[in-house]
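**Q** This structure is in structure tokens; I'll ask about it shortly.
The values are calculated or read from the model by the stated rules, or taken from the named source; none is laboratory data. Note that the structure is predicted; figures quoted are calculated from it, not measured. In this analysis, Cβ positions are derived from the backbone assuming ideal geometry, glycine residues included, and neighbour counts consider all displayed protein chains.
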Amino acid sequence: MIQRTLISALIAAAAVAALPASANAQDAIYGVWRNPKNSVHIDIQPCGQYLCGRVVWANANAREDARKGGTKELIGSQLLRNFSPGKGGAWKGKVFVPDLNVTVSGTAELLDNNTLRARGCVFAGIGCKSQNWKRVQS
């Protein structure tokens with residue numbers, strides 16, 4: 001369970017990191033995204049000059065894993081922090097992994113309007129994971 005949540009958070013971060021820096025490209029990433037297991041939904045929005053992602057929904061297992069890791073409330077937690085444009089249209093920032101109570105580096109890439117590929121690494125390119133997150137349709 002811990003590895004699954006870590007992977008989910010890392011994927012979300014990576015998804016944000018790969019977008020072009022233009023206003024229209026930034027707008028494309030805004031909205032609610034779900035991890036592959038549909039256990040966590042995050043809302044990606046601007047926060048100052050950065051992009052951030054807060055948990056807006058999580059199933060009972062994800063909430064319990066977060067509690068066991070030291071995160072009292074998963075809903076409302078900011079998983080994506082300080083994402084800014086990087087090289088090649090990517091975004092880079094920090095990802096909080098609630099069930100491990102750690103923050104790791106992450107990148108993201110918008111594959112299409114409904115798919116984000118997120119990648120995160122625990123330490124200097126070691127322990128990296130990738131996931132494809134899907135847009136939650138309203």
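**Q** Tell me, please, whether a residue that is more than 18 Å from His41 (Cα to Cα), loosely packed, with under 14 Cβ neighbours inside 10 Å and of a type in the set (Phe, Trp, Tyr) can be found in the range 114-126. Break it down stepwise before answering.
**A** As a first pass, look at the range 114-126 and keep what is more than 18 Å from His41 (Cα to Cα): 121-126.
Filter again for loosely packed, with under 14 Cβ neighbours inside 10 Å, leaving 123-126.
Filter once more, so that each one left must be of a type in the set (Phe, Trp, Tyr): 123.
Yes.
**Q** Going through Val104, Val122 one at a time, which residue ends up being at pLDDT below 95 and touching a Ser or Thr at 6+ places or on another chain (Cβ under 9 Å)? Even if it seems obvious, please write down each step before you answer.
**A** Numbers: Val104 fails: touching a Ser or Thr at 6+ places or on another chain (Cβ under 9 Å).
Residue meeting the stated conditions: Val122.
**Q** Follow-up. Could you name every one of the helices (runs of 4 or more DSSP H) located completely within the range 1-101 that has at least 3 residues being under 24 Å from Gly127 (Cβ atoms) and modelled with pLDDT under 70?
**A** So the answer is 2-17.
**Q** Same structure, new question: Which pairs do you get when a residue that is within 20 Å of Gly86 (Cβ to Cβ), found in the range 97-113, comes within reach of a residue that is among the aromatic types (Phe, Trp, Tyr) and crowded, with 20+ Cβ neighbours inside 10 Å, reach meaning Cβ atoms under 6 angstrom, with the pair 6+ apart or on two chains?
**A** Final answer for the pair search is Thr103/Phe96; Ala108/Trp91.
**Q** It is to be established whether one or more residues within the range 63-73 are among the aliphatic types (A, V, I, L, M) and out of contact with any Pro (no Cβ under 8 Å at 6 or more places or on another chain).
**A** Quick first cut of the range 63-73, residues among the aliphatic types (A, V, I, L, M) only: 66.
Of the ones still in play, those that are also out of contact with any Pro (no Cβ under 8 Å at 6 or more places or on another chain) are none.
No - not one qualifying residue is present in the range 63-73.
**Q** Name the pairs: first residue in the range 39-68 and under 18 Å from Thr103 (Cβ atoms), second residue surrounded by fewer than 16 Cβ atoms within 10 Å (Cβ to Cβ) and small (Gly, Ala, Ser), Cβ to Cβ under 9 Å, at least 6 apart or on different chains?
**A** Tyr50/Ser84; Leu51/Ser84; Arg54/Gly76; Val55/Gly76
**Q** If you don't mind, another one. Residues of the range 102-138 being on the phi > 0 side of the Ramachandran plot and part of a loop (DSSP other than H, G, I, E, B), which ones?
**A** Going residue by residue through the range 102-138, those that are on the phi > 0 side of the Ramachandran plot are 124-125, 127.
Across the range 102-138, the qualifying residues are Ala124, Gly125.
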